[in-house]
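Enquirer: Just dropping this structure here.
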Amino acid sequence: MWSLDGTPPVPVNAQVLTRMPDAMRQPQVSAWGQANRPGHVVDSFLEGPCFDSKGNLFVTDIPHGRIFHIDGACQWTCVLEDNGWPNGLAAHPDGSLWIADYRHGIRRFEPAGRRVETVLGHRNSESFRGVNDLVFDASGRLYFTDQGQTGMHDPTGRVYRWQPDGRLDMLLSNGPSPNGLAVSPDMKVLYVALTRANQVWRAPIQSDGSISKMGVLQTFFGPTGPDGLAIDRFGRLLVAHPSLGGVFVLNARGEVTHHLRSPLADSAVTNVACWPGRDTVVMTESMSGSVLVAQLPQPLDSAA
């Protein structure tokens, strides 16, 4: 049951904003492709849509270690290419982009100079399992997920918080595939997408910074589970769900009020980001190498 009154989610049709140019695709065998899409030649796999402080849009291409800038005319420019597997992106107020890189950990990238450095490559000399996504809260603290290959068979995925003074706190250590995450604007609630559990968890953040009484906000279905998360200007939680072909909009009760639907067949919508200054979102459709766009509907009621 997704709503108290039994009302199904209102469908909202998304459109293709832009598609990776054919000349930039790399239809070749990759280690990432062999592990995550065996039997397929993966020419791209887009994730991590992120707007910087100037409104520039960036996306990642995991298997080929690339980050792209997409300008207002939907022209694509590769601004980073190396041996990493970049997944999530988060914009820092200083203009840099921070990367959750499965191979290298948490990295900092300066688009202007095209310089990249590793900020966190391990914890207490122990390698990460494979970081996936990251987000800054309003005070500059960085939250990120360490997903690796965890799942219901191995619920040991982790969520960390990194302080600007270098302190690193482990907030969660029993997650079955922690993936996307979001922090409420008042910094009192942490949301985490648990992909293999097909759930979104909600954790109150206490005054001392710890989390307490973490619980399930919503449960989905399908062969995969929720991936990227975002929060819109109304405080609603946006949940990208690859196997259900779009982004779900959740109100404060966890009810699913809307479904932003991909126009593409066999669609895998992996991540979502709010467009600054607009009631619009962009979504990565990873299978086709496309970026989708949809208008965010107004809240249906005061519970939004």
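Enquirer: With runs of 4+ DSSP H residues as the only contributors, calculate the mean residue ellipticity of the chain at 222 nm using -39,500 (n - 2.57) per run, divided by the residue total and rounded to the nearest 500. Intermediate results must be reported in sequence, preceding the final value.
Expert: Details: 1 runs with 6 residues, N = 304.
About -500 deg cm²/dmol.
Enquirer: What is the sum of charges around ARG202, taking Lys and Arg as +1, Asp and Glu as -1, for the other residues whose C-beta is under 13 Å from the C-beta of ARG202?
Expert: Charge balance near ARG202 sits at +3.
Enquirer: Among GLY245, ALA138, PRO111, flag the residue with its Cα farthest along the positive direction of the charge dipole of the chain, charges on Cβ as +1 for Lys/Arg and -1 for Asp/Glu.
Expert: Final value for the positive-end residue is ALA138.
Enquirer: Another question, then. Hey, what do the phi angles of segment 39-46 turn into as Karplus ³J(HN,Hα) couplings, whole Hz, using 6.51/-1.76/1.60 and θ = phi - 60°, x for Gly and Pro?
Expert: Each residue's phi maps through the Karplus curve to give x, 10, 8, 9, 7, 5, 8, 7 Hz.
Enquirer: On to the next question. Could you work out how far the C-alpha centroid of segment 234-277 sits from that of segment 1-74, in angstrom?
Expert: Between the Cα centre of segment 234-277 and that of segment 1-74, the gap is 14 Å.
No lab work stands behind these numbers, since they all come straight from the coordinates. Just so it is clear, the structure is predicted and the values come from calculations on it, not from any experiment. Here Cβ is always computed from backbone atoms with ideal geometry, including for glycine, and neighbour counts include all displayed protein chains.
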